[in-house]
Amino acid sequence: MSTARRVPTAILISGRGSNMVALIEAARAVEFPAEIVLVAANLPDAGGLQRAAAAGIATASVDHRPFGKDREAFERALDAELQAHGIELVALAGFMRVLTPWFVTRWQGRLINIHPSLLPDFRGTHTHARALAAGVTEHGCTVHFVVPELDAGPTILQAKVPVLPGDDEASLSARVLEQEHRIYPQALALVASGATRLEDGVAIGR
Ligand code: GRF
């Protein structure tokens, strides 16, 4: 049995949380270098909250709506939850709020995200529809460190899938999602163990 310290980690979600489940399952292994201690959502009815609670993980909901346009005030409330749980590493998994430089700088090097495209291609939303419209033959997903510029942080891991004749958004997103569930736990382990880290804006150890 491993006695290595596991890094207390939070997952932030807005929706169903299938990547969250993949991370929780991977982190059940005692030798996994991160321990998932909190799942937090910005929407109280995010389906993933129930799935996290069923897995025995503490949950928090910090509704962004009462904060209106004051994104930083929302983030301060979220940050307070993270501090209260002793969180040292944050994994965004379908978290649909753009984070301000205040939050991103505070968590720099300890904040990672999964994006459903081969970054730097197709930053932003509706990536599968845009990939199909562009006629690309390869698509995929990227786990990256979060920096203030949206979907622009250094890559930790990437996985490619083919775009097949007859693909629609549903078939393509399902093929990509399967890879997301494979690489996100791997990327979290790389960062939690220190094998991959952010130094001077570059991912070291990839
Ligand atoms: C995933 O496609 C992820 O890449 C994107 O949002 C989606 C979240 O799905 N950021 P799930 O909630 O993890 O199932």
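The values are calculated or read from the model by the stated rules, or taken from the named source; none is laboratory data. From a predicted model like this one, the values you see are computed outputs, not experimental measurements. Virtual Cβ from ideal backbone geometry, glycine too; neighbours counted across all protein chains shown. Only protein heavy atoms, including side chains, enter the accessible area calculation; ligands, DNA and RNA are left aside. Shrake-Rupley method; radii C 1.70, N 1.55, O 1.52, S 1.80 Å.
Go through region 148-206 and report how many residues are within 19 Å of residue 123 (Cβ to Cβ) and in a helix (DSSP H, G or I).
10
If I ask for residues that are closer than 14 Å to residue 58 by Cα and in contact with a helix residue (DSSP H, G or I) (Cβ under 7 Å, 6 or more places away or on another chain), which ones from region 25-37 would you list? Working first, answer last.
As a first pass, look at region 25-37 and keep what is closer than 14 Å to residue 58 by Cα: 35-37.
36, the sole residue that qualifies.
So in region 106-128, with the set limited to residues that are away from the ligand (no atom under 13 Å from the Cβ) and of a type outside the set (D, E, K, R), which one is farthest from residue 23 (Cα to Cα)?
The selected residue is 120.
Just one of 122, 103 is open to solvent by less than 30 Å² (accessible area, probe 1.4 Å) and not small (Gly, Ala, Ser); which is it? Write out each step before concluding.
Numbers: 122 fails: open to solvent by less than 30 Å² (accessible area, probe 1.4 Å).
The match here is 103.
Would you confirm whether any residue within region 159-173 is at pLDDT 95 or above and within 20 Å of residue 203 (Cα to Cα)?
Filtering region 159-173 for residues at pLDDT 95 or above gives 159-173.
Adding the requirement that they be within 20 Å of residue 203 (Cα to Cα) leaves 159-160.
Within region 159-173 (the criterion being at pLDDT 95 or above and within 20 Å of residue 203 (Cα to Cα)), the answer is yes, since at least one residue qualifies.
From 74, 103, grab the single residue that is away from the ligand (no atom under 16 Å from the Cβ) and in contact with a His (Cβ under 8 Å, 6 or more places away or on another chain). Explain how you work it out, then say what you get.
Values: 103 fails: in contact with a His (Cβ under 8 Å, 6 or more places away or on another chain).
Answer to the check: 74.
Can you give me the number of residues within region 148-158 that are open to solvent by 30 Å² or more (accessible area, probe 1.4 Å) and either within 15 Å of residue 89 (Cα to Cα) or touching a residue at least 60 places away in the same chain (Cβ under 8 Å) (or both)?
Total satisfying the criteria: 0.
If you scan region 125-147, which residues turn out to be open to solvent by 20 Å² or more (accessible area, probe 1.4 Å), in contact with a helix residue (DSSP H, G or I) (Cβ under 7 Å, 6 or more places away or on another chain) and part of a loop (DSSP other than H, G, I, E, B)? I'd like the intermediate steps shown before the answer.
As a first pass, look at region 125-147 and keep what is open to solvent by 20 Å² or more (accessible area, probe 1.4 Å): 125-126, 128-130, 132-138, 147.
Cutting the leftovers down to in contact with a helix residue (DSSP H, G or I) (Cβ under 7 Å, 6 or more places away or on another chain) gives us 128-129, 132, 147.
Matches in region 125-147: 147 only.
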